[in-house]
Amino acid sequence: MTTSSNADNLSRNHQRKLHALASTIMTTVVGLDKSSRTRLFARWKEFTEYLLAGTKRFSAKTPDYDTARSILGIDFVTPEEIMVVRPSVVYTDQDIQQRAATIPSAEVLNWCKANNHALIAGPATPLSLLDVRALQTDHFYSKKDGWYAEPKQVFSRNDKATLGWLIIRKDPVPGSLNKNWAEQAALLSDASTYVPIAGEMTWFITTYFLVRGVRLFPNVYVRTSSLDSDGGRVGVGGFDAEGLGVFSDWDGIRYSFLGLSSARKF
């Protein structure tokens with residue numbers, strides 16, 4: 001008998017022992033009858049893959065969120081919390097572990113708390129304004145169509161919230177109401193801050209509401225860095241029971257209800 005044949009025999013013997021052990025467990029512990037066991041073994045490959053995935057999930061290191069939670073409280077939103085309220089958004093175990101490993105430092109977290117910023121997990125895959133709306137249309141004033149769904153409005157498809165974490169301010173930048181774009185932009189003197197795009201803001205606002213039950217920007221709008229097809233600056237806000245509003249206007253315009261959105265790099 002060749003070495004290869006010996007290996008094949010050992011492999012078959014191993015499989016028979018595994019089947020016998022599994023059969024005993026399914027009968028004595030789970031309580032499956034013979035016909036149920038037959039159906040299970042007919043899909044043995046799928047079953048073992050399922051077991052392997054489960055083993056990896058439950059043996060994986062639990063993400064350490066303690067520092068972020070202790071500093072930010074409700075203003076820290078995890079991938080696990082998002083999956084509960086957005087069932088169609090699925091983060092893999094690897095996604096979760098990678099994000100847990102890249103939570104900002106305590107110094108940045110304390111800065112967030114002092115400056116009214118929340119730390120929220122970005123989507124599992126990049127999402128645009130229209131993608132976010134498609135997740136739950138009732139969170140938007142325009143449930144379908146609308147000016148920003150026109151083909152020429154490429155920002156609503158191309159400006160996407162990406163993976164990782166988002167640090168975004170929960171209210172307009174202080175002093176930014178009733179100012180034009182140039183005046184508002186001048187208020188962001190910190191090199192680590194920037195004006196987020198429409199995809200980031202709509203993901204942030206609607207997800208925070210779903211997880212925390214709090215409507216941000218209910219009575220004001222904030223400019224984003226996204227531009228419409230005519231060069232108008234896109235703003236979001238007015239998030240009341242009728243849904244989140246999206247509008248655009250020229251950079252030179254000043255409104256008492258229009259401020260500036262802000263996010264932080266880390």
Could you calculate the FRET efficiency of Ala182 with Lys152 from 1/(1 + (r/R0)^6), where r is the beta carbon distance between them and R0 is 30 Å, rounded to 0.05?
0.70
For each pair in Lys143/Lys265; Lys113/Lys179; Lys113/Lys160, compute the distance between the two Cα atoms and list the pairs where it is over 29 Å.
Lys143/Lys265
Whole-Å distance, taken between Cα centres, linking region 63-78 and region 111-143:
18
Express in nm, to one decimal, how much length is gained between Arg212 and Asp93 on full extension, taking 0.36 nm for each residue of separation and deducting their alpha carbon distance.
40.5 nm
If r is the Cβ-Cβ distance from Glu80 to Leu163 and R0 is 25 Å, what FRET efficiency results, to the nearest 0.05?
0.95
Listed highest first by mean packing, meaning other Cβ atoms within 10 Å per residue, what order do 230-238, 212-220 come in?
230-238, 212-220
For region 122-266, convex hull volume per residue from C-alpha positions, Å³
101
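Each value in this text was obtained by applying a stated rule to the coordinates, not by laboratory testing. In this text the structure is predicted, and so the values were computed from the model without any measurement. Backbone-built Cβ (ideal geometry, glycine too); neighbour counts: all protein chains shown.
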